[in-house]
Amino acid sequence: MIMKIFRKILLFFAAFFVLSSCSQKKLVSAQINFMQPYCGGARPTPEIIKDSETPRPYANKTIVFVSSTGKTDSVKTNAAGLFSAKLKIGDYKLYEAWRYYKKADGGMVVSDFDVECLKEEWQKEIKIVTVTKTEIKFSEKNEIIEVCPWNLPCILESHRPPARE
């Protein structure tokens, strides 16, 4: 009788341990940067070119996590482009909010764009994060590039702003 009770208690704790270890979350932290090309009209100086090739923090922006099971969560970066999130073990794709929510970049209207082209843009994740019991691995996928207004991908010609001279 005592052995049966002992076995049940032991099984209970074993099951509890297995279930709790499967649902453990790990703290994932990373910095998100973006590139901003030179958009001026005059010939850029070497300093301007160098500045345009320097990554900048993706500050105070929303990043959306999509797990391999389709569950989503989001986090906002701080002023330095850093974020922290607690994630369960698994694989996650990170997206810019406008891509995940299928909007146009920069607050523009989707109807100003070729929607088929935008569908391809919406699929571009920033990173893939793999969380295991022992490590957190980041795979870089697509750089965030703040394009010049006259060079927006997918914009319809009739809505393209004029290029600067």
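Determine whether region 123-137 contains at least one residue that is surrounded by 15 or more Cβ atoms within 10 Å (Cβ to Cβ) and farther than 17 Å from Ser67 by Cα.
There is no residue in region 123-137 that is surrounded by 15 or more Cβ atoms within 10 Å (Cβ to Cβ) and farther than 17 Å from Ser67 by Cα.
Restricting to region 45-82, name every residue that is in a loop (DSSP other than H, G, I, E, B), more than 15 Å from the chain's Cα centre (by Cα) and surrounded by 14 or more Cβ atoms within 10 Å (Cβ to Cβ). Don't jump to the end; show me each part of the working.
First, the residues of region 45-82 that are in a loop (DSSP other than H, G, I, E, B): 45, 53-55, 58-61, 68-71, 77-81.
After this cut, where a residue has to be more than 15 Å from the chain's Cα centre (by Cα) as well, the list is 45, 53-55, 69, 79-80.
Selection gives Pro55 alone.
Only one residue in Lys133, Lys102, Lys119, Lys137 is part of a loop (DSSP other than H, G, I, E, B), over 30 Å from Ala42 (Cβ atoms) and free of Cβ contacts under 8 Å to residues at least 40 places away in the same chain, so which one is that?
Details: Lys133 fails: free of Cβ contacts under 8 Å to residues at least 40 places away in the same chain; Lys119 fails: part of a loop (DSSP other than H, G, I, E, B); Lys137 fails: part of a loop (DSSP other than H, G, I, E, B).
It is Lys102.
What tally of residues in region 83-115 results from selecting those that are surrounded by fewer than 13 Cβ atoms within 10 Å (Cβ to Cβ), touching a strand residue (DSSP E or B) at 6+ places or on another chain (Cβ under 9 Å) and at pLDDT below 95?
Result for region 83-115: 0.
The values are calculated or read from the model by the stated rules, or taken from the named source; none is laboratory data. Nothing here was measured: the structure is a model prediction, and the numbers come from that model. So basically every Cβ, Gly included, is an ideal-geometry build from the backbone, and we count neighbours across all protein chains shown.
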